[in-house]
Amino acid sequence: MSDQPAGAVPAAVRPPRDRPLVALVVELGAGAVLRPLVRAIAGYADVRALGRCASLPDAALASGPVAAFLAPEDVPVATWHDGEVVVAGESISVPLNGLDVRSVRPYGTLVRRRWRERLGLPEHHVVVLDDLPEADRPEALRTCAAAVVGAADLPLALALGTPVVTDARSAVAAGAIDDVHVALAIGTDPAALAAELARDDARAARLGLTGRRLVEQTLDLGSVARHVLAALARADPARPPASFPRDPASRAEARLETRLRELHTPVGSEILLRVADATALLTGAAP
């Protein structure tokens, strides 16, 4: 009879894997705050509850210091603590309003116009998101010419490349700047401002592009997930977790952006806007 405690992970050599295996160790009632980050990590690694790991995992993700004590002794541990993930003394900030940008394809102004034509929507279609059921909001954000958006929906709207009108508090929470990433409704009717924005193609295209870039740079949980996995690998150099590739679309977009930077293409330029429209048309999913 084995001396190993019931439910414990077998203490064995890690088998060869195409993707790293991360064990999830969660205290009762603490899983909700980790869920968005776990989904992002699952894009690069297999994530399973500790009790369901049939072999020794490559790493563990714990919901707090207490849960970290339950992780296997022989693996590096990432511990959630007050909005950060800590790995071997390294703190990685996690945006609480973030999302996995890799799973959200942007829609440029030309693509939006074509979808509005196909769906029979007005040319300068504007939506006020609070007036819509939550289930209908993503599609509305993909097809509208401009949208009035609150704090809860702002990260998704920006990630989709939607030209956005919002309030000052929501903008601050997302790190957005007036007339750089969003249009702020200060002392004016938000719906009227959105209608004005919808008729200004150049400004709408610029805000859609820079809003998407803001999310990629500051709110991307996919970037956090890659950072966490890399930190876990560094924390166990003798037995690093399996490598995790970037997805082909991300690699292609990164190469394109690098070439444009080499040509000193300014943000918001006509060339950059046309490139964004073209790549959105090729990679964007149908609403």
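Quick one: if the Förster radius is 45 Å, what FRET efficiency do D18 and V66 give, using the C-beta to C-beta distance and rounding to 0.05?
Computed FRET efficiency for D18 and V66: 0.90.
May I ask for the net charge around L24, where only other residues with Cβ less than 12 Å from the Cβ of L24 are counted and Lys, Arg are +1 while Asp, Glu are -1?
For residues surrounding L24, the net value is +2.
Based on the mean of other Cβ atoms within 10 Å per residue, sort peptides 213-225, 92-104 so the most packed one is first.
Listed from highest to lowest mean packing, they are 213-225, 92-104.
So, by mean Cβ neighbours within 10 angstrom, what's the order for 171-184, 29-42 with the highest one leading?
Details: 171-184: 18.9, 29-42: 16.6.
The peptides rank, most packed first, as 171-184, 29-42.
Pulled fully out, how much extra length does the chain show between R169 and E84, if you take 0.36 nm times their separation in residues and subtract their Cα-Cα distance? It would help to have the intermediate numbers written out before the result.
On the way: separation 85, 0.36 × 85 = 30.60 nm, distance 2.29 nm.
Contour length minus Cα-Cα distance gives 28.3 nm.
Taking the Cβ of W80 as the centre, find all other residues whose Cβ is under 15 Å away and add up their charges (Lys, Arg: +1; Asp, Glu: -1).
Cβ neighbours under 15 Å give a net charge of -2.
Order of V87, V22 from fewest to most other C-beta atoms within 10 Å?
V87, V22
Would you calculate the separation in nanometres between label points at T188 and R48, each defined as 7 Å from the Cα along the Cα-to-beta-carbon direction?
Computed distance between label sites T188 and R48 equals 5.6 nm.
Where a number appears in this text, it was derived from the coordinates with a stated rule and is not lab data. Computed from a predicted structure; not experimentally measured. In this analysis, Cβ positions are derived from the backbone assuming ideal geometry, glycine residues included, and neighbour counts consider all displayed protein chains.
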